[in-house]
Amino acid sequence: MSALGTRRRAGSRADLPFNAEINVTSLVDVAFTLLVIFIITAPILQGGIEVAVPKADVDPVTAQDKPFFVTVLRDGSIFMEETPMTPREFEDAFPLVAERLERVYIRADSLAPYGPVLKVIATAARAGVTFAVVGEPYSGR
């Protein structure tokens, strides 16, 4: 006998209770941690330029269309995909890019000035590319 108590015989498990329960607390903790990380990082990874397009009775743009976006923000700045451009740079660069495009989607903020939006539309028309103006479908649709 030792001073701390009785000593068990080596290899004897008869006195240990059999426990078949699975402790899922740590599994749930890990799952919730991953969920929180995903919720935080998903909007960051989404990419793109945030723009509040006007609502209208329109069909949604699908991924099968291989969309190419030209965006006009409220301050009048122009983006070709995610590249910021001045109106002059856009007029020079767009015809070169338009040669490889089937369709261009022009999305403008609902509060964007009319001048830059018209300049984008006119440049797309001069380049001979098919274009569409993007709107947000009504939620009741």
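The values are calculated or read from the model by the stated rules, or taken from the named source; none is laboratory data. Note that the coordinates shown come from a computational prediction; the quantities given were computed from them, not determined experimentally. As a convention, Cβ positions derive from the backbone with ideal geometry for all residues, glycine included, and neighbour counts pool all protein chains shown.
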- Query: Which one of the conditions (1) at pLDDT 90 or above; (2) out of contact with any Asp or Glu (no Cβ under 6 Å at 6 or more places or on another chain); (3) under 19 Å from Ile49 (Cα atoms) does Asp109 fail to meet, given that it meets all the rest?
  - Reply: (1)
- Task: Count, please, the residues in the range 55-104 that happen to be crowded, with 16+ Cβ neighbours inside 10 Å and in a strand (DSSP E or B).
- Result: 9
- Looking for whichever is surrounded by 11 or more Cβ atoms within 10 Å (Cβ to Cβ) and assigned to a helix (DSSP H, G or I) here; the options are Ala52, Ala42, Ala112, Ala122. Which one fits? Ala122
- Query: Does Arg9 satisfy the condition of being surrounded by 10 or more Cβ atoms within 10 Å (Cβ to Cβ), part of a loop (DSSP other than H, G, I, E, B) and either of a type in the set (Lys, Arg) or at pLDDT 85 or above (or both)?
  - Reply: no
- Note on the structure: In the set Ile40, Ile78, the lone residue that is out of contact with any Asp or Glu (no Cβ under 6 Å at 6 or more places or on another chain) and over 22 Å from Val134 (Cβ atoms) is Ile40
